[in-house]
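Read through the structure below, which is laid out as C-alpha coordinates, and then see the notes.
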Amino acid sequence: MKNLITHKNTLLLFRFILGAVFIYASIDKIQDPKTFSDLIDNYHITPLLLHNLFALIIPWVELLIGISLITGIYLEASIQITIFLLIWFIFILSQAVYRGIDTHCGCFKAGENIENTDFKGLLLKRIFEDVIFLGMALILKFKHKINR
(Lines give C-alpha, C1' and ligand atoms only; values in the text may rest on other atoms or scores of the structure.)
Protein backbone atom coordinates (compact mmCIF):
# COMPACT_ATOMS: atom_id res chain seq x y z
CA MET A 1 0.00 0.00 0.00
CA LYS A 2 2.85 2.38 0.89
CA ASN A 3 4.44 1.83 -2.52
CA LEU A 4 1.13 2.56 -4.26
CA ILE A 5 0.65 5.84 -2.36
CA THR A 6 4.18 7.05 -3.08
CA HIS A 7 4.37 5.72 -6.66
CA LYS A 8 5.25 8.47 -9.14
CA ASN A 9 1.96 8.04 -11.03
CA THR A 10 -0.03 8.33 -7.79
CA LEU A 11 1.90 11.47 -6.88
CA LEU A 12 1.17 12.91 -10.31
CA LEU A 13 -2.51 12.04 -9.84
CA PHE A 14 -2.50 13.83 -6.45
CA ARG A 15 -0.98 16.91 -8.10
CA PHE A 16 -3.63 16.92 -10.82
CA ILE A 17 -6.49 16.37 -8.38
CA LEU A 18 -5.33 19.15 -6.06
CA GLY A 19 -4.56 21.44 -8.98
CA ALA A 20 -7.97 20.89 -10.56
CA VAL A 21 -9.74 21.42 -7.23
CA PHE A 22 -7.94 24.71 -6.59
CA ILE A 23 -8.55 25.96 -10.13
CA TYR A 24 -12.23 25.01 -9.94
CA ALA A 25 -12.54 26.63 -6.51
CA SER A 26 -11.06 29.89 -7.79
CA ILE A 27 -13.25 30.46 -10.85
CA ASP A 28 -16.55 31.52 -9.27
CA LYS A 29 -14.79 33.57 -6.60
CA ILE A 30 -12.77 35.46 -9.22
CA GLN A 31 -15.98 36.18 -11.15
CA ASP A 32 -17.95 37.29 -8.06
CA PRO A 33 -15.62 38.71 -5.38
CA LYS A 34 -18.46 40.66 -3.70
CA THR A 35 -20.41 37.49 -2.87
CA PHE A 36 -17.21 35.78 -1.73
CA SER A 37 -16.46 38.77 0.53
CA ASP A 38 -19.94 38.44 2.05
CA LEU A 39 -19.32 34.73 2.69
CA ILE A 40 -16.01 35.53 4.41
CA ASP A 41 -17.92 37.95 6.66
CA ASN A 42 -20.32 35.15 7.68
CA TYR A 43 -17.49 33.34 9.51
CA HIS A 44 -16.98 36.26 11.94
CA ILE A 45 -13.23 35.74 12.37
CA THR A 46 -11.61 38.58 10.42
CA PRO A 47 -12.00 42.36 10.58
CA LEU A 48 -14.42 43.77 8.03
CA LEU A 49 -11.62 45.73 6.36
CA LEU A 50 -9.89 42.50 5.35
CA HIS A 51 -12.87 40.76 3.73
CA ASN A 52 -12.60 42.55 0.40
CA LEU A 53 -8.83 42.13 0.35
CA PHE A 54 -9.11 38.40 1.05
CA ALA A 55 -11.91 38.06 -1.51
CA LEU A 56 -9.65 39.58 -4.15
CA ILE A 57 -6.42 37.76 -3.26
CA ILE A 58 -7.39 34.22 -2.19
CA PRO A 59 -9.07 33.15 -5.47
CA TRP A 60 -6.06 34.27 -7.51
CA VAL A 61 -3.71 32.43 -5.14
CA GLU A 62 -5.89 29.32 -5.55
CA LEU A 63 -5.75 29.67 -9.35
CA LEU A 64 -1.97 30.10 -9.41
CA ILE A 65 -1.44 27.21 -7.02
CA GLY A 66 -3.68 24.98 -9.13
CA ILE A 67 -1.76 25.84 -12.28
CA SER A 68 1.56 25.33 -10.49
CA LEU A 69 0.55 21.93 -9.12
CA ILE A 70 -0.50 20.74 -12.58
CA THR A 71 2.47 22.17 -14.50
CA GLY A 72 5.09 21.46 -11.84
CA ILE A 73 6.40 25.03 -11.99
CA TYR A 74 7.38 26.25 -8.49
CA LEU A 75 6.07 22.92 -7.24
CA GLU A 76 7.65 22.94 -3.79
CA ALA A 77 6.35 26.44 -3.00
CA SER A 78 2.87 25.61 -4.30
CA ILE A 79 2.76 22.46 -2.17
CA GLN A 80 3.73 24.51 0.91
CA ILE A 81 1.05 27.12 0.20
CA THR A 82 -1.49 24.36 -0.48
CA ILE A 83 -0.77 22.82 2.92
CA PHE A 84 -1.07 26.20 4.65
CA LEU A 85 -4.36 27.02 2.90
CA LEU A 86 -5.89 23.62 3.62
CA ILE A 87 -4.99 23.86 7.31
CA TRP A 88 -6.48 27.37 7.37
CA PHE A 89 -9.65 26.20 5.58
CA ILE A 90 -10.05 23.27 8.00
CA PHE A 91 -9.67 25.67 10.93
CA ILE A 92 -12.19 28.17 9.52
CA LEU A 93 -14.78 25.50 8.75
CA SER A 94 -14.25 23.71 12.08
CA GLN A 95 -14.71 26.86 14.13
CA ALA A 96 -17.91 27.62 12.21
CA VAL A 97 -19.28 24.16 13.04
CA TYR A 98 -18.17 24.48 16.67
CA ARG A 99 -19.76 27.92 17.04
CA GLY A 100 -22.96 26.81 15.27
CA ILE A 101 -22.60 29.32 12.45
CA ASP A 102 -25.05 28.50 9.67
CA THR A 103 -23.25 29.64 6.55
CA HIS A 104 -22.48 28.46 3.08
CA CYS A 105 -18.80 27.59 3.04
CA GLY A 106 -17.95 29.52 -0.13
CA CYS A 107 -15.51 26.79 -1.06
CA PHE A 108 -16.52 26.40 -4.69
CA LYS A 109 -19.64 28.32 -5.75
CA ALA A 110 -19.89 31.70 -4.04
CA GLY A 111 -23.33 32.46 -5.48
CA GLU A 112 -24.79 28.97 -5.06
CA ASN A 113 -28.49 28.56 -4.17
CA ILE A 114 -28.52 27.79 -0.44
CA GLU A 115 -32.21 27.36 0.31
CA ASN A 116 -33.00 24.33 2.50
CA THR A 117 -29.31 23.61 2.97
CA ASP A 118 -27.98 21.57 5.89
CA PHE A 119 -25.10 23.96 6.60
CA LYS A 120 -23.54 21.86 9.36
CA GLY A 121 -23.58 18.78 7.12
CA LEU A 122 -22.11 20.76 4.23
CA LEU A 123 -19.35 22.20 6.41
CA LEU A 124 -18.52 18.76 7.86
CA LYS A 125 -18.35 17.32 4.33
CA ARG A 126 -15.97 20.10 3.28
CA ILE A 127 -13.81 19.53 6.37
CA PHE A 128 -13.58 15.82 5.50
CA GLU A 129 -12.66 16.65 1.89
CA ASP A 130 -10.04 19.16 3.03
CA VAL A 131 -8.48 16.58 5.37
CA ILE A 132 -8.19 14.17 2.41
CA PHE A 133 -6.67 16.94 0.26
CA LEU A 134 -4.29 17.83 3.10
CA GLY A 135 -3.18 14.20 3.26
CA MET A 136 -2.44 14.27 -0.47
CA ALA A 137 -0.50 17.52 -0.11
CA LEU A 138 1.54 16.19 2.81
CA ILE A 139 2.42 13.04 0.85
CA LEU A 140 3.51 15.26 -2.05
CA LYS A 141 5.60 17.44 0.26
CA PHE A 142 7.51 14.64 1.90
CA LYS A 143 7.88 12.48 -1.21
CA HIS A 144 8.97 15.51 -3.26
CA LYS A 145 11.72 16.27 -0.70
CA ILE A 146 12.94 12.66 -0.78
CA ASN A 147 13.12 12.65 -4.59
CA ARG A 148 15.17 15.87 -4.86
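The values are calculated or read from the model by the stated rules, or taken from the named source; none is laboratory data. Worth saying up front: this structure is predicted, and the values here are computed from it rather than measured. Note that we place each Cβ from the backbone using ideal geometry, even for glycine, and neighbour counts take in every protein chain shown.
Mind telling me which of the residues F54, F89 ends up being within 16 Å of L138 (Cβ to Cβ), out of contact with any Pro (no Cβ under 7 Å at 6 or more places or on another chain) and assigned to a helix (DSSP H, G or I)? Break it down into steps so the answer makes sense when it comes.
Numbers: F54 fails: within 16 Å of L138 (Cβ to Cβ).
Within the list F54, F89, the selection yields F89.
For L53, indicate whether it is at pLDDT 90 or above and buried (at least 17 other Cβ atoms within 10 Å of the Cβ).
no
Take the conditions crowded, with 20+ Cβ neighbours inside 10 Å and of a type in the set (S, T, N, Q) and apply them to S94. Does it pass? Spell out how you get there, then give the answer.
Numbers: crowded, with 20+ Cβ neighbours inside 10 Å: no; of a type in the set (S, T, N, Q): yes.
It is false that S94 is crowded, with 20+ Cβ neighbours inside 10 Å and of a type in the set (S, T, N, Q).
Taking the stretch 13-43 as the search range and keeping residues that are under 21 Å from L123 (Cβ atoms) and among the polar types (S, T, N, Q), which one is modelled with the highest pLDDT?
S26
How many of the residues in the stretch 28-57 are free of Cβ contacts under 8 Å to residues at least 12 places away in the same chain and among the β-branched types (V, I, T)?
Count: 2.
Can you say whether I45 is out of contact with any strand residue (DSSP E or B) (no Cβ under 6 Å at 6 or more places or on another chain) and not in a helix (DSSP H, G or I), as far as the supplied structure shows?
Values: out of contact with any strand residue (DSSP E or B) (no Cβ under 6 Å at 6 or more places or on another chain): yes; not in a helix (DSSP H, G or I): yes.
Answer is yes for this residue.
Could you list, in sequence order, all residues of the stretch 82-136 that are among the charged types (D, E, K, R), within 24 Å of I57 (Cα to Cα) and modelled with pLDDT of 75 or more? Before the answer, list the steps.
Step one: list which residues in the stretch 82-136 are among the charged types (D, E, K, R), which gives 99, 102, 109, 112, 115, 118, 120, 125-126, 129-130.
Within this subset, residues satisfying the condition of being within 24 Å of I57 (Cα to Cα) are 109, 112, 126, 129-130.
Of everything in the stretch 82-136, those that are among the charged types (D, E, K, R), within 24 Å of I57 (Cα to Cα) and modelled with pLDDT of 75 or more turn out to be R126, E129, D130.
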